[in-house]
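Written out below as structure tokens is the structure these notes cover.
The values are calculated or read from the model by the stated rules, or taken from the named source; none is laboratory data. The structure presented is a predicted model; accordingly, all values stated were derived computationally and were not measured. With ideal geometry, Cβ positions are generated from the backbone for all residues, glycine too; neighbour counts draw on all protein chains shown. What goes into the accessible areas is simple: the full protein's heavy atoms, side chains included, and nothing from ligands, DNA or RNA. Shrake-Rupley method; radii C 1.70, N 1.55, O 1.52, S 1.80 Å.
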Amino acid sequence: FGSEFRSLSSIPYAPVSSLALGYRKDQVQHPLDGFGMLIPAAEDYDTLGVLFSSTLFPSRAPEGCHLLSCFIGGSRNPQLASLPEKELKRKVQEELKKLLSINGQPVFTHHRLWQHAIPQYEVGYDRYLKVMDDLEDSHDGLLLEGNFRGGVSVPDCVSSAFETAEKACGILKRRQAQ
């Protein structure tokens, strides 16, 4: 694959830390009656957003508990993603207390740092897309897929995955016919 493939390693990414926090239901005053929340930069919080994981998927937390998936860092504050878990937990808990009326310490925590979480579709990104197209064109059967191509949202990734699966089926059918 050579230098073309190596050039893709320079795609810029923003890091994100995910922090799963489990609370007893009596610690959470907010009804958590939705998908979660995205927190705009104008609100001046460090937390990017929170998914109400146990509302979306009730089996994600034990009976009588809530699970929240919190995200911090991103292109807004990339330096925050790499903070020690203890400091991240403190920052996020302070903000959750204000935003969702959550009191006390979580009964469960899990932290994960994703150094290359969100590709940055900056001006000139089309050069990376051209490299991907050229690689696929010159290496029969190679398909490149991920949030670095076609969008970073879950719906974008699902849609792109289906398109890639269709391409893969086409390649297999073509090879079977030969």
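Assuming SER101 fulfils every condition listed in (1) free of Cβ contacts under 8 Å to residues at least 40 places away in the same chain; (2) exposed (fewer than 13 other Cβ atoms within 10 Å of the Cβ) apart from one, which condition is it? Every listed condition holds for SER101 apart from (1). Pick out, from segment 1-100, the helices (runs of 4 or more DSSP H) lying fully within it that include 1 or more residues that are aliphatic (A, V, I, L, M) and within 28 Å of LEU144 (Cβ to Cβ). Helices (runs of 4 or more DSSP H) meeting the threshold: 78-81.
Answer yes or no as to whether GLU95 is farther than 30 Å from ILE171 by Cβ and surrounded by 13 or more Cβ atoms within 10 Å (Cβ to Cβ). Yes, satisfied. If you go through segment 126-150 and keep only what is surrounded by 14 or more Cβ atoms within 10 Å (Cβ to Cβ) and either assigned to a loop (DSSP other than H, G, I, E, B) or aromatic (Phe, Trp, Tyr) (or both), you end up with TYR128, LEU143, LEU144, GLU145, ASN147, PHE148, GLY150. For segment 21-53, filtering for residues that are open to solvent by 40 Å² or more (accessible area, probe 1.4 Å) and either touching an Asp or Glu at 6+ places or on another chain (Cβ under 6 Å) or of a type in the set (S, T, N, Q) (or both) leaves 2.
Screening SER69, SER18, SER10, SER3 for residues that are loosely packed, with under 11 Cβ neighbours inside 10 Å and either within 20 Å of GLN120 (Cα to Cα) or touching a strand residue (DSSP E or B) at 6+ places or on another chain (Cβ under 9 Å) (or both) leaves exactly one candidate, SER10. Per the conditions (1) in a helix (DSSP H, G or I); (2) free of Cβ contacts under 8 Å to residues at least 40 places away in the same chain; (3) over 21 Å from the mean Cα position of the chain (by Cα), the sole criterion not satisfied by VAL123 is (1). As a summary of the residue check, CYS169 satisfies the conditions (1) more than 30 Å from ASP46 (Cβ to Cβ); (2) surrounded by 14 or more Cβ atoms within 10 Å (Cβ to Cβ) except for the one numbered (2).
Report yes if some residue within segment 145-160 is over 22 Å from VAL16 (Cβ atoms) and either in contact with a Gly (Cβ under 9 Å, 6 or more places away or on another chain) or touching a residue at least 24 places away in the same chain (Cβ under 8 Å) (or both); otherwise report no. No, there is no match, as no residue in segment 145-160 is over 22 Å from VAL16 (Cβ atoms) and either in contact with a Gly (Cβ under 9 Å, 6 or more places away or on another chain) or touching a residue at least 24 places away in the same chain (Cβ under 8 Å) (or both). For first residues located in segment 23-51 and closer than 23 Å to GLN79 by Cβ and at pLDDT below 95, partners that are among the aromatic types (Phe, Trp, Tyr) and part of a strand (DSSP E or B) and lie 6+ apart or on another chain with Cβ distances below 7 Å do not occur. Note on segment 79-124: residues that are more than 21 Å from GLN27 (Cα to Cα) and either touching a Cys at 6+ places or on another chain (Cβ under 6 Å) or basic (Lys, Arg) (or both) total 1. Look at (1) open to solvent by less than 50 Å² (accessible area, probe 1.4 Å); (2) on the phi < 0 side of the Ramachandran plot; (3) at pLDDT 95 or above and you find that GLY74 fails only one, number (2).
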